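Enquirer: Submitted below is the structure of interest, expressed as structure tokens.
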Amino acid sequence: MGEMIKELFEYRSLLIAFTIRNIHMKYKQTVMGFLWAIFMPSIIVLSGVVVKGAMATLSGHSLDISQFASVTVKSLPWAFFVGALKFSTNSLVGNMELVKKIYFPREVFPFSYVLGQLFDLFIASLAFTVILIFTKLGISSHIIWLPVLILFLVLFTAGLGMLLACGNLFYRDVRYIVDVILTFGIFFTPVFYEASMFPQWETALLLNPIGAILESINRVVVLQKAPDVIWLVYAGFWAIICFFGSWYIFHKTEPLFAEKI
Amino acid sequence: MQPIECHNVWKKYTKGEKINSLRDLIPGLTKAFFKQKQTEDELTAKEFWALKDVTFDVRRGEVLGIIGPNGAGKSTILKLLSKIIRPNKGTFAVNGRLSALIEITAGFHPEFTGRENVYFNGSILGMSKRELDEKFDQIVDFSGVEEFIDTPVKRYSSGMYARLGFAVAAHVNPDILLVDEVLAVGDINFQAKCAQKMRELLKSGTTIALVSHNIPLVQNICSRVVLLNHGELIRTGPADDVIPFYQNIVTQKNEEELKRKFAATADRLQIQEKSPVQISEVRVFNTVNNTVNRLLTNEPLGIEVHYSTAQPIEQPIIEFDIVRSDGVLCCSANTRDSQSPVSLLEKNGTIKINAGHLYLTPGIYHLEVSIWDRDMIHPHAISKREIFRIEAHQLNLDTNAVFLPKVHWEINS
């Protein structure tokens with residue numbers, strides 16, 4: 001385990017070079033360039049607003065600012081999660097020539113896409129923070145939990161990304177299964193709604209680690225309360241297990257990559 | 001501790017399709033469950049050994065040549081040393097920073113400019129950003145694409161592409177360098193630059209392992225050579241010692257291929273089915289010591305033909321052709337042009353031909369004897385093609401010449 005980390009550290013400049021390349025690649029020869037980083041989450045936010053608006057009208061309430069903020073604050077990490085997984089899953093197969101011909105720790109592939117997507121998240125967050133300032137949402141001291149939650153999110157996503165990258169290399173339909181699951185994932189993850197809206201399903205919804213993370217982020221940023229300890233620990237647990245467990249599996253199967261790709 | 005050490009390395013590959021989708025996983029698992037448990041030593045039906053018990057080392061500062069026919073396992077060794085694949089059995093050790101020129105344009109991305117690709121490829125090959133900054137101008141100058149360095153590489157010609165790739169790779173300066181036949185790009189100018197660069201690397205003490213089919217090059221720069229064939233290490237030693245073995249293997253392969261080709265087309269020579277004349281046997285031999293089908297360049301060649309004919313044939317013309325393996329007709333003679341007319345052929349007999357010293361270049365040849373009517377319009381019989389081999393004792397007869405005459409030189413200065 002220790003040597004895995006050491007080897008990756010030695011190749012850190014390659015990891016950074018790869019990440020920068022991935023970011024450039026997304027925006028090369030496009031008209032909108034970096035705006036794409038904002039466009040995608042905007043669509044999700046817009047859809048969320050429409051859904052929430054519909055739900056509000058049906059139940060006779062009106063749509064208030066905090067609900068808009070909720071949707072925004074949860075859509076961004078969700079967009080990150082979806083994007084990072086889609087890219088990571090195909091990261092090995094999509095770089096077949098490099099995997100077959102040159103040696104460097106293969107973790108660089110999924111990690112660089114996750115980090116690249118993190119950059120997108122950052123850009124989008126900046127944009128939406130500006131918007132949220134106008135909503136006069138305000139900040140509480142609990143915002144200090146946000147970096148921790150983002151860290152959990154990244155670890156969990158990276159872990160899952162590695163596992164799926166591995167899986168897709170050996171079985172090429174993993175990628176399509178992932179696509180389908182992610183498309184419907186938005187229904188059983190509390191992005192457009194709060195888990196508390198469905199009391200009997202609440203625990204089940206939060207058992208989804210992403211659900212737990214998203215709800216915690218919501219609590220900290222929008223509701224301005226401390227995160228629920230149980231779910232915080234739960235999310236942290238999943239993040240660490242997923243990350244190191246997947247990395248271990250990835251590393252163990254790595255020798256076969258060049259042959260089986 | 002040598003820079004590269006390989007001990008008893010075995011590597012097997014699987015042929016055919018593998019399970020590639022989850023849909024095939026379940027039947028695959030079930031099959032595996034019911035099959036016998038296998039050890040590493042055995043091969044399933046679709047597996048084959050790419051490397052068998054290979055042991056060798058590369059010493060500090062030397063250039064080791066790795067030669068062998070296609071499929072011998074040369075690239076597999078390089079991939080093993082670069083840690084791209086792992087051996088099934090055995091161990092290997094690499095002591096020092098290793099860089100492999102196995103696929104020099106692998107990291108290139110078409111959408112990025114030459115400049116960006118140099119940086120990216122450089123970092124893949126292990127150079128730090130600082131190193132790249134320092135060497136950037138050298139690299140671009142070496143490649144000769146200065147003018148286009150800021151254009152996306154998808155607009156490059158394939159020559160520019162390869163030269164830029166090689167330029168980056170050539171400036172890596174590792175302790176150990178693995179080269180896999182990448183030296184064949186560019187015009188003469190560029191090739192000279194490449195050769196010069198190799199020599200510089202050698203002088204600075206880099207250990208190099210070179211895989212190549214270019215035997216003159218290997219002779220030129222390799223101090224030691226390793227010969228592989230079908231995954232086995234046939235011989236190690238100084239270049240002049242090992243290369244004849246390689247040539248032998250290649251010649252043999254040539255011979256077998258020709259034999260197979262002729263066997264396949266043998267039934268096409270049916271035209272003389274109706275002909276009264278049949279050539280039953282053709283032999284090529286050394287007229288001095290009678291060895292069959294193998295001669296040295298400087299030995300006299302004799303041919304013996306056994307024929308039989310149902311009816312007497314008047315005034316036939318007998319001809320023989322010697323054709324090289326690449327199809328060049330090297331030598332030919334017939335009874336009409338050599339003023340040795342044959343008046344009659346009847347029943348059975350033998351035709352003996354003494355061709356003398358032909359000084360043919362070493363290689364694989366085939367002989368064809370034919371018996372024609374008096375005007376050489378239609379053949380009575382054409383023999384089966386007889387394959388024979390010409391060899392030489394010395395090396396370096398890497399020439400396309402048809403024959404190598406004994407020449408007397410006299411120089412007055």
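The values are calculated or read from the model by the stated rules, or taken from the named source; none is laboratory data. In this text, all values refer to a predicted model and were calculated from it rather than measured experimentally. Cβ placement follows ideal geometry from the backbone for every residue including glycine, while neighbour counts extend to all protein chains displayed. Keep in mind that these areas ignore ligands, DNA and RNA; they rest on the heavy atoms of the full protein, side chains included. Shrake-Rupley method; radii C 1.70, N 1.55, O 1.52, S 1.80 Å.
Enquirer: If I ask for residues that are of a type in the set (Asp, Glu), closer than 13 Å to B:GLY165 by Cα and at the interface with chain A (Cβ under 7 Å from one of its Cβ atoms), which ones from the stretch B:102-153 would you list?
Expert: Scanning the stretch B:102-153 gives a single hit, B:GLU103.
Enquirer: In the stretch A:14-41, how many are more than 14 Å from chain B (Cβ to nearest Cβ), part of a helix (DSSP H, G or I) and open to solvent by 40 Å² or more (accessible area, probe 1.4 Å)?
Expert: Summing the residues that are more than 14 Å from chain B (Cβ to nearest Cβ), part of a helix (DSSP H, G or I) and open to solvent by 40 Å² or more (accessible area, probe 1.4 Å) in the stretch A:14-41 gives 5.
Enquirer: Could you list, in sequence order, the residues of the stretch B:266-312 that are small (Gly, Ala, Ser), modelled with pLDDT of 80 or more and surrounded by fewer than 17 Cβ atoms within 10 Å (Cβ to Cβ)?
Expert: Passing the criteria: B:SER308, B:ALA310.
Enquirer: Here is a check on your reading of the model: is A:MET162 buried (at least 18 other Cβ atoms within 10 Å of the Cβ) and hydrophobic (A, V, I, L, M, F, W, C)?
Expert: yes
Enquirer: While we're on this one: One residue is enough: does the stretch A:154-165 have a residue meeting the conditions among the β-branched types (Val, Ile, Thr), within 30 Å of A:GLU254 (Cα to Cα) and either away from every other protein chain (no Cβ under 14 Å) or assigned to a helix (DSSP H, G or I) (or both)?
Expert: Scanning the stretch A:154-165, I find at least one residue that is among the β-branched types (Val, Ile, Thr), within 30 Å of A:GLU254 (Cα to Cα) and either away from every other protein chain (no Cβ under 14 Å) or assigned to a helix (DSSP H, G or I) (or both), so the answer is yes.
Enquirer: For the stretch B:85-114, how many residues meet the condition of being under 16 Å from B:ALA170 (Cα atoms) and among the charged types (D, E, K, R)?
Expert: 2
Enquirer: What about B:ILE124, is it within 30 Å of B:PHE245 (Cβ to Cβ) and not polar (S, T, N, Q)?
Expert: Taking the combined requirement at face value, the residue does not satisfy it.
Enquirer: Further, regarding this structure: Determine, yes or no, whether B:THR236 is open to solvent by 50 Å² or more (accessible area, probe 1.4 Å) and at pLDDT 85 or above.
Expert: The answer is yes for B:THR236.
Enquirer: For the stretch B:298-323, which positions are over 17 Å from B:VAL282 (Cα atoms) and in contact (Cβ under 8 Å) with a residue 60 or more places away in the chain?
Expert: Correct list: B:ASN298, B:ILE313, B:GLU314, B:PRO316.
Enquirer: I'm trying to understand the selection: among the residues of the stretch A:1-13, which are of a type in the set (Ser, Thr, Tyr) and part of a helix (DSSP H, G or I)?
Expert: Passing the criteria: only A:SER13.
Enquirer: Take A:ILE186 and tell me if it is within 14 Å of chain B (Cβ to nearest Cβ) and either touching a helix residue (DSSP H, G or I) at 6+ places or on another chain (Cβ under 6 Å) or among the hydrophobic types (A, V, I, L, M, F, W, C) (or both).
Expert: No; evaluated as a whole, the condition is false for this residue.
Rundown of residues vs (1) part of a strand (DSSP E or B); (2) among the charged types (D, E, K, R); (3) within 27 Å of B:LYS259 (Cα to Cα), yes/no style:
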site	(1), (2), (3)
B:SER280	yes, no, yes
B:VAL284	yes, no, yes
B:ILE303	yes, no, yes
B:HIS306	yes, no, yes
B:ALA310	yes, no, no
B:ILE322	yes, no, yes
B:CYS330	yes, no, yes
B:VAL342	no, no, no
B:THR350	yes, no, yes
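Enquirer: Looking at (1) away from chain B (no Cβ under 14 Å); (2) open to solvent by less than 20 Å² (accessible area, probe 1.4 Å), which is the one condition that is false for A:ASN168?
Expert: With respect to (1) away from chain B (no Cβ under 14 Å); (2) open to solvent by less than 20 Å² (accessible area, probe 1.4 Å), A:ASN168 is out only on (1).
Enquirer: Count, please, the residues in the stretch B:79-100 that happen to be more than 10 Å from every other protein chain (Cβ to nearest Cβ) and buried (at least 21 other Cβ atoms within 10 Å of the Cβ).
Expert: So the answer is 1.
Enquirer: Quick one: how many residues across the stretch B:163-173 are in contact with a Gly (Cβ under 7 Å, 6 or more places away or on another chain) and open to solvent by less than 40 Å² (accessible area, probe 1.4 Å)?
Expert: Qualifying residue count for the region: 3.
Enquirer: Being within 12 Å of chain B (Cβ to nearest Cβ) and modelled with pLDDT of 85 or more narrows it down to one of A:LYS100, A:LYS86, so name that one.
Expert: It is A:LYS100.
Enquirer: Do you know which residues across the stretch A:79-92 are open to solvent by less than 10 Å² (accessible area, probe 1.4 Å) and either assigned to a helix (DSSP H, G or I) or of a type in the set (A, V, I, L, M) (or both)?
Expert: The answer is A:PHE80, A:ALA84, A:LEU85, A:SER88, A:THR89, A:LEU92.
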